[in-house]
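Chemist: Dropping the structure in here first, questions after.
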Amino acid sequence: MKTKWLAMCGLAATLFVTACGNSASNGDGSKEGQTAQGAQQTVKVATTSDGPPFVYLNPDNNKMEGLVIDILEDIAKRENLKLDYQVMNWEAMIPSLKGGKADIIAEGMYITDERKQVINFTNPYFGYGEGLMVQGDDTSTKSLDDLKGKKVGALIGTSYQTMLEEKGKSLGIEMKVYQQFGDMMKDVDNKRLDAALFDQPILVYMKKQNPALTYRVVEDYKPSLPGEIGFGVTKSKQDVLDKLNAGIDEIKKDGTLKKIYEKWGLDWKF
């Protein structure tokens with residue numbers, strides 16, 4: 001298990017795209033081109049492949065798994081939706097909705113006013129803040145202020161990149177942007193990067209799954225970008241948005257959402 005997680009995060013993005021771009025990616029288990037029973041509505045789902053516990057490609061069964069996937073697939077069964085996963089880099093997801101290449105974004109994406117100008121969002125189903133990871137022998141860093149003049153990473157197109165761009169100048173921080181979390185994590189672990197900002201639940205989860213990783217998640221770090229996440233939906237699919245919201249309401253009421261949280265070792269008061 002531990003070896004599998006390390007290997008998964010170290011693979012190139014092209015391998016993930018190739019592995020997910022086949023018939024095994026349909027959320028209801030049907031093959032590409034088959035007609036599912038009933039009047040199912042097929043929706044294309046934009047996602048990444050290396051962000052556990054939210055979403056990741058399980059190399060053992062070539063399927064997408066994680067908190068976000070469990071929530072979406074439970075709702076899909078209730079609302080008779082057929083899911084067609086489209087694996088891509090983070091910065092490509094919103095353009096994929098705008099360009100009609102995908103209908104839904106299933107990721108740990110914050111609901112923001114800026115993003116709502118170009119895509120719709122469902123009601124929130126989880127919330128969290130950013131975490132700070134540093135080199136394993138760095139026991140003094142508590143905040144960004146302690147990283148003056150150092151090299152700090154963030155994923156391209158994220159709120160964390162924006163925050164570093166705004167705060168980093170006054171601190172003399174050298175920002176490095178990445179397309180894949182796994183690459184950024186390895187650079188901190190191998191001391192090519194002093195620190196990085198990323199989703200706190202993912203940093204903690206990856207560390208627990210891979211004790212051999214040497215990076216440290218700063219426990220005293222206070223996130224400045226807490227937010228809520230929901231499914232992004234293309235503006236032209238109001239019917240899909242309505243179905244997803246109906247499903248989110250149901251799983252909140254009947255306790256399913258809490259059970260999914262427990263499965264992935266997470267919690268959130270909704």
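The values are calculated or read from the model by the stated rules, or taken from the named source; none is laboratory data. Owing to the predicted nature of the structure, the values given are computational and were not obtained by experimental measurement. The protein model used for the area step is the full one, side chains on, heavy atoms only, and it has no ligands, DNA or RNA in it. Shrake-Rupley method; radii C 1.70, N 1.55, O 1.52, S 1.80 Å.
Chemist: Please list, ordered by chain and number, the residues whose modelled amide H lies under 5 Å from the amide H of residue 126; skip anything fewer than 5 residues away on the same chain.
Modeler: The answer is 229.
Chemist: In percent, how large is the relative contact order of the chain, given Cα pairs closer than 8 Å and 6 or more residues apart? Display every interim value, and only then the final one.
Modeler: Working: 475 pairs, mean separation 67.6, N = 270.
Across the chain, relative contact order equals 25 percent.
Chemist: Continuing with the same structure: How much of the DSSP beta bridge set in the chain is antiparallel, as a percent to the nearest 5?
Modeler: Working: 21 of 37 bridges.
Counting only bridges with both partners in the chain, antiparallel ones make up about 55 percent.
Chemist: Between 0 and 90 degrees, rounded to the nearest ten: what's the tilt of helix 67-79 against the longest Cα principal axis of the chain?
Modeler: 10
Chemist: So how do 192, 115, 78, 216 rank on accessible area, 1.4 Å probe, biggest first, that is with the largest at the start? Walk me through the numbers on the way to the answer.
Modeler: Numbers: 192 130, 115 25, 78 85, 216 60 Å².
In descending accessible area the options line up as 192, 78, 216, 115.
Chemist: So, one more: Using Cα atoms only, what is the angle between the long axis of helix 200-209 and the major principal axis of the chain, expressed in degrees (0 to 90) to the nearest 10?
Modeler: That works out to roughly 90 degrees.
Chemist: Further question: Would you mind checking 169/269; 176/222; 207/258; 63/208; 63/252 for any pair whose Cα atoms are more than 27 angstrom apart? Mind showing how you got there, number by number?
Modeler: Values: 169/269 35 Å; 176/222 22 Å; 207/258 23 Å; 63/208 22 Å; 63/252 25 Å.
Where the Cα-Cα span goes over 27 Å, the pairs concerned are 169/269.
Chemist: Once the principal axes of the Cα atoms of the chain are found, what is the range along each, listed largest first in whole angstroms?
Modeler: Each principal axis gives a Cα extent; for the chain these are 58, 38, 36 Å.
Chemist: Over segment 165-263, what relative contact order in percent results from Cα pairs under 8 Å that are six or more residues apart?
Modeler: Values: 23 pairs, mean separation 11.2, N = 99.
So the answer I get is 11 percent.
Chemist: If you don't mind, another one. Given a 1.4 Å probe and the protein chains all in place, what does the accessible area of residue 236 round to, in Å² to the nearest 10?
Modeler: Per-residue accessible area (residue 236): approximately 100 Å².
Chemist: Report relative contact order for segment 81-232 in percent, whole number only (criteria: Cα-Cα under 8 Å, sequence separation at least 6).
Modeler: This gives 39 percent for segment 81-232.
Chemist: Here's something else I'd like to know. Can you compute the helix-only [θ] at 222 nm over the chain? Use -39500 (n - 2.57) per DSSP H run of at least 4 residues, normalise by all residues, nearest 500 deg cm²/dmol.
Modeler: Values: 10 runs with 96 residues, N = 270.
Result for the chain: -10500 deg cm²/dmol, rounded to the nearest 500.
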